[in-house]
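What follows is calculated from the coordinates using simple rules that are stated; it is not laboratory data. Bear in mind that the values here come from a model prediction, so they are computed numbers and not experimental data. No Cβ is skipped: glycine too gets one built from the backbone with ideal geometry, and neighbour counts run over all protein chains shown.
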Amino acid sequence: LQFHEHVFLRFLGLDKVPSPKKFQPVPSILKRIFQAQEAAASTGISKDLCYVKELGVRGNILRLLPDQGSFLYSESLSHTSCLQKLLSFNLSAIGDEEQLTMAQLGLDLGPNTYYNLGPELELSLSLVQTEPHVTDQATPKMGKMFTLQSVPWPQGVLHFNLLDVAKRNNDPHKNLGLFLEIVVKGGRASGENFQLEGTCARLRRSLHTSLLVVTLHPEQCRSPSRKRR
Amino acid sequence: AAVSTSKASCKSLCHRHQLFINFRDLGWHKWIIAPKGFMANYCHGECPFSLTISLNSSNYAFMQALMHAVDPEVPQAVCIPTKLSPISMLYQDNDDNVILRHYEDMIVDECGCG
């Protein structure tokens, strides 16, 4: 089968055959959306391919971007600061013509089985100015803090809507850079002490961050035709 | 007067031909997570006048087949997809992004004379 591979790749929106070193874990939400679409297509049920029902947004291209940032270790860490991490997401895969309809940050703090009901954490997210494709900046230029959230104890995945941040920052030649700090606020409900360092080391090990981006390709998704009068 | 038409054998009549492309045959299983391949079906076959009514055809095709039967200069009606369905592809690009993309009208489900 003499297959004009490059033609098919361009059709898929790719310029060459990807050669990933290893497969990234596929989040259950993408699997669910894929399986729902497959089921609809095989039963002949027509589905709006430009609306992601599971996320409640319009779009026909979903991308899960891995975090390319690194942990920051600085002496100036306050005694209750648990971890500081530079988050960096490469937005260059998003085509200029695509409209951004969702940007959801996922922070997986790991299963709460690691911790017995403590400690309470305070989590803050700030914008940082990142140089294009530089991921291990020693001292990021801090921007505005846009989220400060208390978490009763490390548990599961937390989601943050970054659509406005990503839209403002959506210069495809730049990474979206964020600064994450997790501070320990208090011990277990009973007030007992706990090993701060052990808790933070575990958090650093289990923390997994990713950015789920949904876009609408205008040529493949005409705006829903106006109802005939 | 009854118009004589060629007795086309069933096999040569317009219908859907199934063709499955297995991504592993192309070495693409290394970056396409799902599906394992896709049905690249196609439509092929004749649209003789005598059968246009039964070959899931459009009225236009019926008229064109009639005209072709009267004047062979008029091209025959052609065998085209009449029902299509989309596919979704879950793959990984060179930046380790996991991408889920929907493509409509990718799979031919039914064919007819158009």
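Under 17 Å between alpha carbons, and skipping anything fewer than 8 positions from A:LYS141 in its own chain: which aspartates and glutamates qualify? Cross-link targets: A:GLU131, A:GLU181.
Over chain B, DSSP H runs of length four or greater, each weighted -39,500 (n - 2.57), average out per residue to a 222 nm ellipticity of -3500 deg cm²/dmol. If you take the beta carbon distance between A:GLU97 and A:LYS144 as r and set R0 to 30 Å, what does 1/(1 + (r/R0)^6) give as a FRET efficiency, to the nearest 0.05? It comes out at approximately 0.55.
Shielding of peptide A:9-21 by partners, expressed as the average count of other chain Cβ atoms within 10 Å per residue Cβ, is 5.
Charge tally around B:SER85: other residues with Cβ under 15 Å, Lys/Arg +1 each, Asp/Glu -1 each, net -3.
Near B:ASN41, within a Cβ-to-Cβ distance under 13 Å, what is the net charge of the other residues, with Lys and Arg +1 and Asp and Glu -1? Its environment carries a net charge of -1. For chain B, the longest principal axis of the Cα atoms and the long axis of helix B:59-70 meet at an angle of about 50 degrees. When the listed pairs B:LYS11/B:LYS36; B:LYS30/B:LYS83; A:LYS16/B:LYS30; A:LYS16/A:LYS85; A:LYS31/A:LYS85 are checked against a 21 Å cut-off, the alpha-carbon distance exceeds it for B:LYS11/B:LYS36; B:LYS30/B:LYS83; A:LYS16/A:LYS85; A:LYS31/A:LYS85. Counts of other chain beta carbons within 10 angstrom of each beta carbon in peptide B:31-37 average 3.
Computed on chain B, with alpha-carbon pairs under 8 angstrom and 6+ residues apart, the relative contact order is 30 percent.
For a label point 7 Å from the Cα of B:LEU84 along Cα→C-beta, name the residues of region A:25-41 whose backbone N is under 20 Å from it. Of the residues in region A:25-41, A:37-41 have backbone N under 20 Å from the label point off B:LEU84.
Counting Cβ atoms of other protein chains within 10 Å of each Cβ in B:59-67 and taking the mean gives 0.
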